[in-house]
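What follows draws every value from the coordinates through simple rules; no lab data is involved. Treat the numbers as computed from the prediction; the structure is a model and nothing was measured. Positions of Cβ are generated from backbone atoms using ideal geometry, with glycine treated the same way; all protein chains shown enter the neighbour counts.
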Amino acid sequence: MTVELPPGLALQKVDERIMTLNVGPQHPGSGHMRIIVQIDGDYIVACDPDPGYVHRGEEKMAEYRNYITNIPHLERPVIHDSCNALYPYVLGVEDLLGIEVTERAKYVRVICSELNRCIYTMYWLAIYGIFLGHSTMFMWPAGDRELLIDLMEKISGARVTHSHFVPGGVRNDLPPNFEEVCLRQVNYFEKRIKEYAAVFYDNPILISRTQDTGVLSREDAIRLGTTGSVLRASGVDYDLRQKEPYDVYEELDVHTNVMKEGDSYARSKVPWLDMMESCNIIRQALQKMPKSGSVRVKLKPNPKGKGLDSVYKRVESGRGSLGCYIVSDGKVEPYRLKLSVGSFRNLIALPYLLKGEKLGNMPSVYWSLNYWPVEADR
Amino acid sequence: MSTDAEQITTEEKSADEKPVAKPVVKSVQVPAFEKSISDKVVEKFGDKIKVEFIKENRVGIKVSREDVHDVAEFIRDGLNYDHVESVSGVDYPQDKEIEVVYHIGSYSDSSLAKQILVLATRAQREENPIPGKDATKLPSLRDIFYSVEFHEREVFEMFGVYFTGHPDNRRLLLPEDWADLPPLRKDFAIKGR
């Protein structure tokens, strides 16, 4: 039986020395994703990432639901960062419908988004720890992120999937005494994550395993179109909170963490530094926030776009720029919705970085790309 | 904890009068910097391109599939854009066309940090698609913007738009044995909807 293969699917002949190895999709070192590596002894000669095991068709589903019922499922690709995942969609719909959000709602959004960034990064860090066999680094972030999850639970009522951002503001106002509790928790949280340096980031074993592995130069980081911590770890000063400020980021003092090395170590350290920056932003936002006022403007039921229109909004999520392209044809549902996610954009760097690397370094390089398989597949 | 919850409910009742959303009247003034970008493209290509919109930080350009490669090359070399953020397909069955939209940004030029250039082109749409073997084809921009590699693979499997010149047109997200229509086309319907 000969099946004619579609273009690009032709089989490749490999050398006899070279072995093809499937890492994943069940392997804990890949996580819902298969990495097909070809190895020569201990060295990787070629790598072919194969995502798609958790593809849910979010973009297709969005075409069948109206602008409000799209909210809960669009945060599903990355539930730990659910506020940031919804952020560009909500900004885009507001732009399409022509809604202006109140000042207090914008501050609440910024606080929620920064809390979520920390919650996501802690989860990512926990898995990075266990990837490298460092169980303490799995337990500590997994425990400490509970502090912030409790805060988000106070705000939205849900621990992980908040669905808190809606076109027109946020669902609920902050609970009473929130500022005090938040400040206390965030200060304690910051103190805790600073302790990670002693156990993890200054640990000679971690440094020996991650330094100078998977080096991505500045030119290549730009050429490959990487984003977020991967880009900033390669020495490109680019953070959308600073470069294209949305909501009230313009009024806040946002510092961008940039490292020049471009290796796995730098890529794992930048998100950690970003968490401290998030704590700074939360403190500033709590101070500058209007103390009272509405947080949500009322929309008409089943809001519609104005004729054929399109909008592309992007925010800085935990994994880099997260863009949402909405095409509206004046109906209650979006005509087309496309999510351009940081994980998918950073994936292109994986084959590039793993070439010539030792197989043992694969987990540290792979997870340092700040890659979330479910988000990449959508 | 229980007192907290009670307080929230009482406060919600008191804050009942929510302001009603009013459409914001946006200024019709064309932003100058964005206009200068689109002017440069118009100057170079004249009536080969159509400027679709000039909004704040976004410039939309529409171009035919014959010219998309040249225009993209000019965008990289002449305008300093250096990476593609997103490649989206949009299916228009009534026009018998599938639009492919490139969102192009720049890291290296700090004056363009906010800007996104939206480059749209359209491929012919087939009623009964045979992905890769029918007329639904576009030139690949992978030799100009390396970052489109996975994005174009995704558009190929989701819309059936084959990118000529792309070195690797395999499936990416869909299963290898997917034999139905490309799923993001409008004629592929979700069951029960």
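What average number of partner chain Cβ atoms lie no more than 10 Å from the Cβ of the residues making up A:157-170?
Average per residue, whole number: 1.
To the nearest Å, what is the center-to-center distance of the range B:151-169 and the range A:82-124, using C-alpha atoms only?
Distance between centres, Cα-based: 32 Å.
How large is the dipole of the protein assembly as shown about the Cα centre if only Lys and Arg carry +1 and Asp and Glu carry -1, each at its Cβ, rounded to the nearest 20 debye?
Roughly 940 debye, rounded to the nearest 20.
So what does the Cα-only Debye profile of the range A:58-377 read at q = 0.06, 0.08, 0.14 Å⁻¹, as log10 I(q)/I(0), no solvent term?
Relative scattering, expressed as log10 I(q)/I(0), comes to -0.20, -0.35, -1.06.
To the nearest 20 debye, what is the magnitude of the charge dipole of the range A:58-377 about its Cα centre, counting +1 on the Cβ of each Lys and Arg and -1 on the Cβ of each Asp and Glu?
Computed about the Cα centre, the dipole is about 440 debye.
In peptide B:94-104, what is the residue-averaged number of other protein chain Cβ atoms found within 10 Å of each Cβ?
Mean partner shielding for this stretch: 1.
Would you list the membrane-span-like helices of chain A, meaning whole DSSP H runs whose alpha-carbon atoms span at least 15 Å along their axis and whose mean Kyte-Doolittle value is at least 0.5?
Span-like helices, by this rule, are A:82-97.
Roughly how crowded by other chains is peptide B:105-112, in terms of the mean Cβ count from those chains within 10 Å of each of its Cβ atoms?
4
Please work out the ratio of the alpha-carbon Rg of the range B:30-164 to 2.2 N^0.38 Å and round it to two decimals.
So the range B:30-164 has a normalised radius of gyration of 1.03.
Give me the percent relative contact order of chain A, please, defined on Cα pairs under 8 angstrom at least 6 residues apart.
Value for chain A: 25 percent.
For the range A:16-91, run through the chymotrypsin sites (Phe, Trp or Tyr not before Pro) and keep only the ones in DSSP coil with at most 14 other Cβ atoms within 10 Å of their Cβ.
Filter output for the range A:16-91: A:Tyr64.
Enumerate the amide H contacts of A:Val332 below 5 Å, restricted to partners 5 or more residues apart or on another chain; note that Pro and chain-start residues carry no placed amide H.
It is none; the list stays empty.
Taking the Cα centroid of the range A:251-315 and of the range A:222-250, what is the distance between the two, rounded to the nearest whole Å?
12
Inverting the mean 1/r over all pairs of different Cα atoms, compute the Kirkwood radius of the range A:309-378 and quote it in Å.
Kirkwood radius, the range A:309-378: 13.8 Å.
If R0 is 41 Å, what FRET efficiency do you get for B:Asn128 and A:Ile207 from their C-beta distance, rounded to 0.05?
0.10
Using only the Cα atoms, what convex hull volume per residue in Å³ does the range A:182-250 have?
Considering the Cα atoms of the range A:182-250, their hull volume per residue is 112 Å³.
Based on DSSP H runs of at least 4 residues, each adding -39500 (n - 2.57), what is the mean residue ellipticity at 222 nm of chain A after dividing by all its residues, to the nearest 500 deg cm²/dmol?
For chain A, the value works out to -13500 deg cm²/dmol.
Find the centroid of the Cα atoms in the range B:29-89 and in the range B:100-148, then give the distance between the two in whole Å.
12
Sorted by average packing, counted as other Cβ atoms within 10 angstrom per residue and highest first, what order do A:73-81, A:296-304, A:361-369 take?
A:361-369, A:73-81, A:296-304
Taking a quarter of the surface of the Cα convex hull of the protein assembly as shown, what do you get in nm²?
That works out to 27.0 nm².
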